[in-house]
Every structure is written in C-alpha cells, then in structure tokens.
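Student: Would you mind keeping the following structure in view while I ask a few things?
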Amino acid sequence: LNQIIYIIPAYVIIASVGILKFRYRKLVILLIILVSIMPLFSYYVNPDKQQFREAAGILPKNQTIFVTKESILPAFDYYYGTGKNYETLKNVVSVESVEALKNSVTGKNSFWVVFTFTKYSDPGGKIKKYLDDNYKILESRQLFDLELVHYAKK
C-alpha cells in the first residue's frame, strides 16, 4: 500500500495529459467522476458491513453479553463501550468454544449472545446448538452478518 501512494501523483499526471488529448474532455472527466462516485455511494448506503452501531443500540448496558469472536471486541467497543480500550468492557465476554461458554455462563439467569463470523468462530454450530438446547430464547434480532440472541434459563 505504501508503494501505491507514491505512484498516484505520476498516474494522475499521465492520465490528465491523456485526457487533454481527447476531443470530448468534459465528457471523459464527467465519466471518470461518475465511475468514482458510484462505488463510494454503494459502500456507504448498502448494509454490506457488520452493523455494530445498530447492535449497540439494541443491547442493554447492564447485562452480560457473549461474543463468538474475540477479534470483534475493538469494533464492538467503538459503538458499545468507551471507545478507548476494549479491555474496559466489563460485561462483554468472548467465548470461542462450548467449554469456554459453559464456564462463563454459570450463574447467569439471562444473557445476550452476539453471533458473528460463525463461518470461522463456530463452523459446526456447536455454540448455538448448545445454547438452543439448554436455554430458551427470549428475543432474537438479525442484522447484516450479526445475530443478537437473548437467552434465559429454562
């Protein structure tokens, strides 16, 4: 990426000289602008990324929350926690196996689970199956690439 930054000015100069040789310069410039704006618009409008901001608005601040992948903690903390250091999240616990979940869930009457990256964090669906078999679902919300489930003891 650092090498590409040095190439950009040279590319812009060469491209602008080439554009000046066209007869319909303004049309070419307009076309380049449109082609550049459309992907940016699509990136910010379409929900093609995880919706942690929406999840933070749904999840309560005073209940235990389990996440299925530790690597989402910094992004999750940005919207849900202090935004400074994800280690300050006291009620958010990362569980990446059924054994870790069993140890963390003891003594909890009610808790939330954020399922994300399940293709990598829980490929066999063991965590979800364990929770569905041993706890009842009070509420479930599906966001893009995030599933929020509120569990309670049966």
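Student: So in the range 111-134, with the set limited to residues that are farther than 22 Å from Gln63 by Cα and of a type in the set (S, T, N, Q), which one is farthest from the chain's Cα centre (by Cα)?
Tutor: Among them, the one singled out is Ser121.
Student: Provide a single number: the residues in the range 131-154 that are touching a Lys or Arg at 6+ places or on another chain (Cβ under 9 Å) and open to solvent by less than 50 Å² (accessible area, probe 1.4 Å).
Tutor: Final tally of qualifying residues: 7.
Student: Further question: Could you identify the single residue in Glu70, Glu87 that is open to solvent by 90 Å² or more (accessible area, probe 1.4 Å), under 30 Å from Gly125 (Cα atoms) and at pLDDT below 80?
Tutor: Glu87
Student: Please verify whether Asn103 is modelled with pLDDT under 85 and either polar (S, T, N, Q) or more than 17 Å from the chain's Cα centre (by Cα) (or both), treating the condition exactly as stated.
Tutor: In short, no.
Student: Mind telling me which of the residues Arg53, Arg23 ends up being of a type in the set (D, E, K, R) and at pLDDT 85 or above?
Tutor: Exactly one of Arg53, Arg23 is of a type in the set (D, E, K, R) and at pLDDT 85 or above, namely Arg23.
Student: Further, regarding this structure: Determine whether the range 74-81 contains at least one residue that is among the hydrophobic types (A, V, I, L, M, F, W, C), open to solvent by less than 90 Å² (accessible area, probe 1.4 Å) and part of a helix (DSSP H, G or I).
Tutor: So far as the range 74-81 goes, yes, one or more of its residues are among the hydrophobic types (A, V, I, L, M, F, W, C), open to solvent by less than 90 Å² (accessible area, probe 1.4 Å) and part of a helix (DSSP H, G or I).
Student: Go through (1) out of contact with any helix residue (DSSP H, G or I) (no Cβ under 8 Å at 6 or more places or on another chain); (2) at positive phi one by one and return the number of the condition Gly125 breaks.
Tutor: It is condition (1) that Gly125 fails.
Student: Here is a list of conditions, (1) more than 26 Å from Lys126 (Cα to Cα); (2) of a type outside the set (Phe, Trp, Tyr); (3) modelled with pLDDT under 85; (4) not in a loop (DSSP other than H, G, I, E, B), and Val35 meets all of them except one; can you say which number that is?
Tutor: Every condition holds for Val35 apart from (3).
Student: Identify all residues within the range 118-154 that are in contact with a strand residue (DSSP E or B) (Cβ under 6 Å, 6 or more places away or on another chain) and of a type in the set (Gly, Ala, Ser); write none if there are none.
Tutor: Across the range 118-154, the qualifying residues are Ser140, Ala152.
Student: Quick one: would you say Lys119 is open to solvent by 70 Å² or more (accessible area, probe 1.4 Å) and modelled with pLDDT of 85 or more?
Tutor: When the stated conditions are applied, Lys119 does not pass them.
Student: In addition: Any chance the range 20-27 includes a residue that's surrounded by 10 or more Cβ atoms within 10 Å (Cβ to Cβ) and charged (D, E, K, R)?
Tutor: There is at least one residue in the range 20-27 that is surrounded by 10 or more Cβ atoms within 10 Å (Cβ to Cβ) and charged (D, E, K, R).
The values are calculated or read from the model by the stated rules, or taken from the named source; none is laboratory data. Since we're looking at a predicted model, the values are computed, not measured. So basically every Cβ, Gly included, is an ideal-geometry build from the backbone, and we count neighbours across all protein chains shown. Ligands, DNA and RNA are excluded from the accessible area calculation, which covers all protein heavy atoms including side chains. Shrake-Rupley method; radii C 1.70, N 1.55, O 1.52, S 1.80 Å.
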